[in-house]
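Worksheet: the structure to be examined is printed underneath.
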């Protein structure tokens, strides 16, 4: 039982790694079973069976058994079908704390957590840039780059080195010996999982989009190259398909979609928007290119939600002047996804934008500018910006953004329609990612990006990939839940067809061509 | 089904490694499971489940799948609880032959066989000296030498290097690529198994004689250091206890004791004499120091059954001159175990020896010599010997030998009595080892070493450790049989007590103090 854990697992949950006290009956001429066989027999009696011990670790285990005498503690890692004997430690109370790493293998950033598994406590967290960016900002160019073995190996080494370096530093900072680190739980999208495991990713982006592998065996971390972790098992969350990866699988676990009696939804906005709909009986996943603009990636002055990003916008209905919140600093460098949502929502409510997403010709706004690219809105003045120039958002930018928001709404509509559900049937909607933490659902509803539902149904859950990976460390029951999710989930390929295009065209408007879909949105 | 195999397995037996043709349905948007998951699914449909693939071999497998197209063959290694996907090969008929090694890890010699697993054919066999002899002729001194990690590692490396070198040469000689070598089946006594696996052997010879491990997981051969065999699983026969090792386990399999409805017996004479008694319901094993003299190890001019050894002796009842058979050459170097048995039997029948094993004072034998060590018998004359001197067998030698034969008979008596059986209840008696191939049961009965039973009950079965290891390659069903044997076998510690000593003292006579036990032996 885990008391007051940082990781949101139930009190009944059992950790992935257990340290169990063992008292072996003394060996004698009449009970002369071999040391390791006696250990396995005793552990079996205690409910830990079958057990396995790596060939290279057997001699060490025997020597420890003989040194410790009849009473010691066995560190056992759960591997689904068996228990791996990871170490034997003294029976003294201070020995036997076990630690684990949770890794979110993001395309842009790697987030790592050092966790005290037995207490469910987060000891340290680090975020490092994914060094693979050097070979391609977006994952697609990396997939293309890694088309032969040598370049795949280059990308893999960069990733593994960055992970190793960060993990070593975290262990050092927290004075945790590498020998006490017994589990590494990792989640990433399908391409990142392929890079991590050293698998040819080239078919991920080629119809019919067949990954090399969706599921990965539990292995020793050292087998993948983490030689500094000799006694750690490594778990990589399985993928559902090329466009729904282990990160989403971890997100489902973190949100608990698979445990809910009522249908719930998980929305993860990254380069793609990945959406999962389901409950404890069925799960449906799909992915679509809704993301870039929402993450601030395509708009001219768009940027990630990082220091310098405008993430909140309020426009004075009278003066039409904006009031900005700039992340982390005084000067603005650009605008992030949630800032864009608020900007468009506020421009729409202030009648600066028409329902079609064009700048109104009927209002006289002091922030309108005429540029070579057409009309623009000066979101930040020269005095407010890092580079001393105005931060402009053009009509083209707005158009690009509206395509993303329309794509998002369309995906949500289609996936619900696939199973004959109305949005109103959804009990909860989880929005993952940095984006999910910054977004104001009221604003997103106002522009017709997400369904017009009671706002308390929306929950920003942050990095759900990291959360899911962390939870697995503290709740081994999730290993079979993940297997169940894998068997239960259906991946829906969103074919571009007439229905989808009609849906999409309606959603390009603010909030929609059918205002009945957004009854709470007061048209200006 | 294996046609006319060299290895004595039944026609229904299924090999340890299978090459199965796979035809994968084409991937599509509606069946977009990942390559390796589709492969596992298809293999599962064919009855091979669960499957596993080593992390380091996954990428290669995916590339081969993509190269070969929908039809290819999967090389699957049986690992008891799952199938290991060892390789994928072309579906052309010439591809996919699978090979294996059987290794008998003897204390003195290593015997290796290269086997075509699918056809059950022996392609090559090699015998090399165990290089560990350098650190101790007998296994006990090696155990003492290996008491720390470094010296254990020295002994282990010598063993592994010798095995590697021999295996590489055999592959080369038979033009078998190492990539087609998919299984290594090994058996050795408990100490040799410990050296092989790199386990501290020191408790094997210390009461209560607890080995480090009796059972060993199925691993990749490369995990134990055979890097030149990247796609081979390695199986090491489990031990029963410190004095009954995997070699005896393999011997039980080779003799088929565990399948017999009637009780049978297996006798293996090496440094120790190991004896197993049992049938398809129960098995009893014990070991005793009966061996050295029988193997020719203690007697002054004793030697192994190798070129130069006298292995057959007939003494002319009139002249009392011996007629010798010398192995492999014209000149004699010494006498081996079976030669000793015949010598003693013939000396007894010729009245040269008394029932107490002393040289008779009543016969006048031209071969009697008087030495500083007492009376001796000149078995070979100067003209017959390699070194130009007579080969003498002294009364002391005879005494040492009789202790061994008495120990052997005592062990056989005691183990039968443990389960309330008479010797007459035994259906068959298998005598393993080089010794078993050379021994003439009639002679052994005449001196009271083995029970006085119909001679057709005795079967010399040669190197049963190598046979059992070979059989496993061609009959995976033996893997569970071995497990059953392990669970069913009881190791009996022969405590030195009054009963045993009385038994032993009677057996020191020729053939025994109780001639009723040897009714067929005509007293001279």
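The values are calculated or read from the model by the stated rules, or taken from the named source; none is laboratory data. Because the structure is predicted, anything quoted here is derived from the model rather than measured. When we count neighbours, we look across all protein chains shown, and the Cβ atoms used for this are built from the backbone with ideal geometry, even at glycine.
Miscellaneous remarks
- Residue match in region B:251-265 (condition: within 30 Å of residue B:87 (Cα to Cα) and touching a helix residue (DSSP H, G or I) at 6+ places or on another chain (Cβ under 9 Å)): yes
- In region B:234-243, the residue that is farthest from the other protein chains (Cβ to nearest Cβ) out of those that are in a loop (DSSP other than H, G, I, E, B) and modelled with pLDDT of 95 or more is B:237.
- Top-ranked residue in region B:192-220 [being within 21 Å of the chain's Cα centre (by Cα) and outside any loop (DSSP other than H, G, I, E, B); ranked as farthest from residue B:80 (Cα to Cα)]: B:205
- Screening residue B:115 with (1) surrounded by 15 or more Cβ atoms within 10 Å (Cβ to Cβ); (2) part of a loop (DSSP other than H, G, I, E, B) gives one miss only, at (2).
- Criterion: touching a strand residue (DSSP E or B) at 6+ places or on another chain (Cβ under 7 Å), within 29 Å of residue A:81 (Cα to Cα) and either without any contact (Cβ under 8 Å) to a residue 24 or more places away in the chain or surrounded by fewer than 24 Cβ atoms within 10 Å (Cβ to Cβ) (or both) - qualifying residue of B:79, B:95, B:129: B:79
- Residue among A:194, A:182 that alone is buried (at least 24 other Cβ atoms within 10 Å of the Cβ) and at the interface with chain B (Cβ under 10 Å from one of its Cβ atoms): A:194
- For region A:11-31, filtered to residues that are in a loop (DSSP other than H, G, I, E, B) and in contact with a helix residue (DSSP H, G or I) (Cβ under 9 Å, 6 or more places away or on another chain), the residue that is nearest to the other protein chains (Cβ to nearest Cβ) is A:27.
- Reported count of residues in region B:204-223, each being at the interface with chain A (Cβ under 8 Å from one of its Cβ atoms), out of contact with any strand residue (DSSP E or B) (no Cβ under 8 Å at 6 or more places or on another chain) and touching a residue at least 12 places away in the same chain (Cβ under 8 Å), is 4.
- Scanning region B:63-90 for residues that are part of a loop (DSSP other than H, G, I, E, B) and more than 13 Å from chain A (Cβ to nearest Cβ) yields B:69, B:90.
- Of all residues in region B:149-191 being within 21 Å of the chain's Cα centre (by Cα) and outside any helix (DSSP H, G or I), the one that is nearest to residue B:117 (Cα to Cα): B:183
- Options B:444, B:432, B:469: the member that is closer than 23 Å to residue B:359 by Cα and not assigned by TED's automatic domain parsing to the domain that holds residue B:122: B:444
- When residue A:96 is tested against the conditions (1) more than 12 Å from chain B (Cβ to nearest Cβ); (2) under 30 Å from residue A:481 (Cα atoms); (3) at pLDDT 95 or above, the lone failure is (3).
- Of the set (1) crowded, with 24+ Cβ neighbours inside 10 Å; (2) modelled with pLDDT under 90, all apply to residue A:304 but (1).
Let's see how each residue does on (1) in the same structural domain as residue A:143 (by TED's automatic domain parsing); (2) at negative phi; (3) surrounded by 18 or more Cβ atoms within 10 Å (Cβ to Cβ):
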site	(1), (2), (3)
A:163	yes, yes, yes
A:168	yes, yes, no
A:171	yes, yes, yes
A:188	yes, yes, yes
A:198	yes, no, yes
A:208	yes, yes, no
A:212	yes, yes, yes
A:220	yes, yes, yes
A:226	yes, yes, yes
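- Exactly one residue out of B:387, B:452, B:440, B:397 is modelled with pLDDT of 95 or more and out of contact with any strand residue (DSSP E or B) (no Cβ under 6 Å at 6 or more places or on another chain), and it is B:452.
- Residue match in region A:224-233 (condition: assigned to a strand (DSSP E or B), over 16 Å from residue B:53 (Cα atoms) and either within 9 Å of another protein chain (Cβ to nearest Cβ) or touching a strand residue (DSSP E or B) at 6+ places or on another chain (Cβ under 9 Å) (or both)): yes
- Taken over region B:32-62, the criterion of being surrounded by fewer than 17 Cβ atoms within 10 Å (Cβ to Cβ), assigned to a helix (DSSP H, G or I) and at the interface with chain A (Cβ under 8 Å from one of its Cβ atoms) is satisfied by B:56 alone.
- Each residue in region B:410-437 was checked for being over 21 Å from the mean Cα position of the chain (by Cα), in contact (Cβ under 8 Å) with a residue 24 or more places away in the chain and in a helix (DSSP H, G or I), and 8 pass.
- Test set (1) in contact with a strand residue (DSSP E or B) (Cβ under 8 Å, 6 or more places away or on another chain); (2) at pLDDT below 95; (3) more than 8 Å from every other protein chain (Cβ to nearest Cβ) - residue B:254 fails condition number: (2)
- Check on residue B:47, at positive phi, within 37 Å of the chain's Cα centre (by Cα) and modelled with pLDDT of 95 or more: yes
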